[in-house]
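Have a look at the structure below before the remarks.
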Amino acid sequence: QQYESAFEYITHLTDPELGENRDVILFPEKLKINGKMRYVSIHRPVDPQLLPAINAPLPPCIAINAALELEDLWCERKTEALLANPRFCWERDRIGASGPLHQLNENEWLMSYHGKQDDVHGYSQSFMILERRKNTFPAVKHRCPTRILFAEEDWEMPHRFKTPVIFTTGTEIIGDRLLAVYGAADERVGIAELDLPALLEYVRGFDADG
């Protein structure tokens, strides 16, 4: 009932002049990059060639950027780099971050991310582990090459829309469980429960290239 008064607009986080750019998440703390503590975000540019720091004819990928002020994460005062590009068939059309980052220890974060293969196979979910690097951007340390969550149940399949979609929007660690809230075909909401130690062991079995 008091939604508008509970939030305050600060800034947009991506440059609207650079085309469709979505799936923005913020690191939960500032990180030291190029000698200064900065805000860091992850986002998905639909056309990476438009980003000066990447400038490559890639499909939609995952970029990472940093700025001294939150309001500068979208403009020329930011620094930027490529975090991950599609490698597996189920990511062929696009990849991007999904739910929030979870800090596993002093130097690692668990990140859920999505991949879209095409309009027939749709969107699936998997996981990466990012590693803190000294005085520069975090990097992918482990990357799961398989789909962890994807549409299987009848109620998860599209009815009004044509593309199957499982898209994680929120995750919460409760003891040894990871609860993942996800949208199903842009029509329904589901909750998946994952065994966190088993998930981490599995993801750690793969290097940054999967």
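The values are calculated or read from the model by the stated rules, or taken from the named source; none is laboratory data. Predicted model only: the values in this text are computed from it and were never measured. Every residue, glycine as well, gets a Cβ built from its backbone with ideal geometry; the counts of neighbours run over all protein chains shown. These area figures cover heavy atoms from the full protein model, side chains too; ligands, DNA and RNA do not enter into them. Shrake-Rupley method; radii C 1.70, N 1.55, O 1.52, S 1.80 Å.
Which one of these is part of a strand (DSSP E or B) and either open to solvent by 60 Å² or more (accessible area, probe 1.4 Å) or in contact with a strand residue (DSSP E or B) (Cβ under 8 Å, 6 or more places away or on another chain) (or both): Gly115, Gly210? Only one candidate qualifies: Gly115.
Per this entry, Leu58 is not counted among residues that are in contact with a Pro (Cβ under 9 Å, 6 or more places away or on another chain) and closer than 30 Å to Pro197 by Cα. Between Thr168, Thr136, the distinction of being of a type in the set (Val, Ile, Thr) and open to solvent by less than 50 Å² (accessible area, probe 1.4 Å) belongs to Thr168 only. Of all residues in the range 189-207, those satisfying the criterion of being surrounded by 13 or more Cβ atoms within 10 Å (Cβ to Cβ) and not in a helix (DSSP H, G or I) are Gly190, Ala192, Leu194, Arg204, Phe206. Of the numbered criteria (1) in a strand (DSSP E or B); (2) open to solvent by 80 Å² or more (accessible area, probe 1.4 Å), the one Arg77 fails is (1). Within the range 52-74, being out of contact with any helix residue (DSSP H, G or I) (no Cβ under 7 Å at 6 or more places or on another chain), in a loop (DSSP other than H, G, I, E, B) and surrounded by fewer than 22 Cβ atoms within 10 Å (Cβ to Cβ) holds for Pro52, Ala53, Pro59, Leu68, Glu69.
Can you tell me how many residues in the range 20-50 are over 22 Å from Arg94 (Cα atoms), part of a strand (DSSP E or B) and open to solvent by 70 Å² or more (accessible area, probe 1.4 Å)? Of the residues in the range 20-50, 4 are over 22 Å from Arg94 (Cα atoms), part of a strand (DSSP E or B) and open to solvent by 70 Å² or more (accessible area, probe 1.4 Å). Restricting to the range 119-131, what's the tally of residues that are farther than 16 Å from Ala184 by Cα and either surrounded by fewer than 18 Cβ atoms within 10 Å (Cβ to Cβ) or among the small types (Gly, Ala, Ser) (or both)? Counting residues in the range 119-131 that are farther than 16 Å from Ala184 by Cα and either surrounded by fewer than 18 Cβ atoms within 10 Å (Cβ to Cβ) or among the small types (Gly, Ala, Ser) (or both) gives 1.
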